[in-house]
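Shown next, in structure tokens, is the structure this report addresses.
Read-outs throughout are calculated quantities, based only on the coordinates presented, and are distinct from any laboratory measurement. Since we're looking at a predicted model, the values are computed, not measured. Here the Cβ positions follow ideal geometry from the backbone for every residue, glycine too, while neighbour counts run over all protein chains shown.
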Amino acid sequence: MSGGITKFAKANLLTQEAMCKDALDYALKDLDGRLELRDIQTTICTYFSDHFNGQLLFDSLTQDYLAMCPRPSMRIEGGGATGGLGIRAGYMDVASGLSEVCLVYGFEKMGEVSTEKGNEFIALASDTDFDFPVGGYYSGYYATMAQRHMHEFGTTMEQMAKIAVKNYDNAFHNRWAQKHERWTIGGVLEAPIIATPLTRPMVCVMSDGAACLILCTEEWAKRLRPDGDYAVITGLGCGTDTMRLGDRPRGDVIPLPGDERGKYDYIAGRWPGLASFRGGREAARQAYQQANITKPLEQIDFAEVHDAYASSELQTYEDMGLALYGQGGRFVEEGHPYIGGKLPVNPSGGLLACGHPVGATGLMQGVFALWQLQGSMARHCGDPEAGIDGSKIQVENARRGLIHSHAGTGTYITVHILERP
Amino acid sequence: MTHVYNTNPLQIGRHYEMDYVHSYGEVSDFFLGLQKRQLLATRCQSCGRTWLPPRRDCGACGGLTQWFKAPQAGKVHSFSVLHFAAEAFLADLPFVLAYIELEGIDTMFLSRVTGCKPEDVYIGMPVRAKFRRLVQWTPNDVVFVPAETGASAKG
């Protein structure tokens with residue numbers, strides 16, 4: 001129905017409560033006063049870690065600050081997929097009839113600790129008996145996945161670098177993006193290495209920020225946006241996988257709706273292993289089934305996917321069925337995920353350029369998707385005074401979009417399909 | 001003493017630390033085994049799937065598992081040379097994290113590869129377990145080294 005975000009930043013010195021209020025105010029203002037605070041019947045609060053600020057039950061502080069007490073609320077947490085799971089929970093609230101208007105709001109404030117400490121906190125979201133103690137942390141885990149993908153399919157660092165460059169280029173036209181940086185493929189490849197083969201610009205940054213989405217029944221939607229300028233969630237998927245990456249099976253690909261038999265015989269007995277995200281595939285399968293999608297590349301107009309790493313965006317092309325397994329690199333080389341390509345991926349600039357304040361990230365994707373479907377990217381993402389032309393990242397005639405929220409090494413993944421009514 | 005970093009807005013330092021009395025529970029034997037230079041895995045009595053790290057209950061079918069000794073030689077399934085890490089491991093940089101394939105084990109075991117230059121590690125590289133003599137009771141009590149190095153296990 002409506003959404004709002006704060007500009008994600010390395011450090012936002014407002015309190016989390018005030019950041020959430022700013023995001024909410026943006027969403028309400030966009031409805032020109034047609035929705036009042038008292039119309040909101042339930043809320044879902046999404047944030048990831050109590051460690052970053054040492055405040056437990058932060059959801060209570062924000063619920064209070066947003067003047068939402070004593071209405072029903074719950075906190076949803078699922079690592080990097082916290083925001084996507086929050087949308088799912090908000091959908092459940094409305095679809096079950098428990099709520100006609102649900103506010104899903106989320107935040108993260110990661111800048112109060114050093115980057116090294118922050119990485120350690122995030123690493124505590126991996127197995128602390130077996131994986132973290134040997135020095136495991138997320139960039140390392142993703143790097144081993146990328147390395148395996150390169151080994152199995154011949155994927156190259158150049159292909160991953162292209163994805164990073166694409167997302168930074170898109171972000172130039174988005175005033176909400178944190179990084180307005182020009183990168184070249186060579187520059188990405190020569191940048192300092194975080195964990196081979198990933199260099200710094202292939203990895204997203206920890207950030208502070210908040211975002212919100214307002215979900216409601218169709219009746220409310222027609223009242224709030226009489227001109228039909230809203231989006232309908234037509235498919236929801238959620239998949240999971242083992243916390244320890246090494247415990248994943250090596251079996252057969254989960255087919256997507258419409259896949260012919262034998263399509264994946266060439267990797268039978270090897271999937272997902274370390275190269276792919278089983279949870280993402282399962283989430284896509286469910287969402288496509290509900291939204292009647294059998295040819296995702298033709299039937300979806302754009303996607304905002306969880307590019308915490310340039311490599312994971314490449315892997316996600318394959319899990320979402322946009323490219324065959326092993327062909328994610330070719331997908332980018334052929335130009336498909338660019339603005340003007342067959343299916344623009346992360347026209348906003350994604351996590352790489354916007355940042356990843358965990359609990360807000362999945363909601364941010366929902367906000368960008370709504371604006372794409374409204375055709376309002378120019379108005380929301382442009383800033384004429386700063387010379388930012390948001391129309392450059394508006395996907396022409398966008399009717400259907402996909403958002404993909406992702407936790408751990410793919411331990412929770414949600415996929416939502418949003419469409420124009 | 002409280003550190004003040006800024007006054008507009010006011011930013012102060014806060015400190016927090018905690019010691020845990022942590023139980024390895026039903027997989028304690030794995031850690032106890034490391035000091036005996038054993039890599040203990042479990043095998044499901046119902047479906048036969050093998051687990052390292054071990055599980056009491058099979059993660060595929062829920063069946064009860066049994067302990068057995070896993071082989072100590074295998075190969076690198078994938079790896080990364082880390083040049084950045086969580087705070088606790090900064091002093092170790094750069095180091096190699098690798099998923100190790102072992103014959104007869106259906107999972108892959110995350111460990112460090114030492115005993116060679118990080119840039120010499122490759123996928124498929126034969127490695128063998130090397131156990132730490134002064135145990136820490138963590139998975140760091142075992143690392144993997146290139147299989148061709150002859151030196152006996154010391155640490």
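Which FRET efficiency value, to the nearest 0.05, is calculated for A:C69 and B:F68 with the Förster distance at 60 angstrom and r the Cβ-Cβ distance?
Rounded to the nearest 0.05, the efficiency is 0.60.
Estimated from the Cβ-Cβ distance and a Förster radius of 25 angstrom, the FRET efficiency linking A:K263 and A:L297 is about 0.95. Only helices enter this figure: runs of n ≥ 4 DSSP H residues, each worth -39500 (n - 2.57), summed and divided by the residues of chain A, yield -10500 deg cm²/dmol at 222 nm to the nearest 500.
Counts of other chain beta carbons within 10 angstrom of each beta carbon in peptide B:49-60 average 2. All other residues whose Cβ lies under 15 angstrom from that of A:P344 are scored, Lys and Arg at +1 and Asp and Glu at -1, for a net of -2. According to the Kirkwood relation over distinct C-alpha pairs, the hydrodynamic radius of segment A:160-258 is 18.5 Å. In terms of its C-alpha gyration tensor, the protein assembly as shown comes out prolate, because a/c is 1.5 or above and the ratio a/b outweighs b/c.
For peptide A:195-208, the mean count of partner chain Cβ atoms within 10 Å of a residue's Cβ comes to 2. Extending 7 Å from the Cα toward the beta-carbon at both A:E334 and A:L61 defines two label points whose distance is 5.0 nm. Our summary gives segment B:25-146 a relative contact order of 23 percent, counting only alpha carbon pairs under 8 angstrom and 6 or more residues apart.
Distances longer than 21 Å among the Cα atoms of segment B:25-146: what percent of all pairs is that? Counting every Cα pair in segment B:25-146, those more than 21 Å apart make up 41 percent. Derived from the Cα gyration tensor, the three semi-axes of the equivalent ellipsoid of segment A:308-421 are 23, 17, 14 Å, largest first. Pairs of Cα atoms nearer than 8 Å and 6+ residues apart set the relative contact order; for segment A:20-118 it is 39 percent. Label sites at A:D383 and A:R223, each approximated as a point 7 angstrom past Cα along Cα to Cβ, lie 3.6 nm apart.
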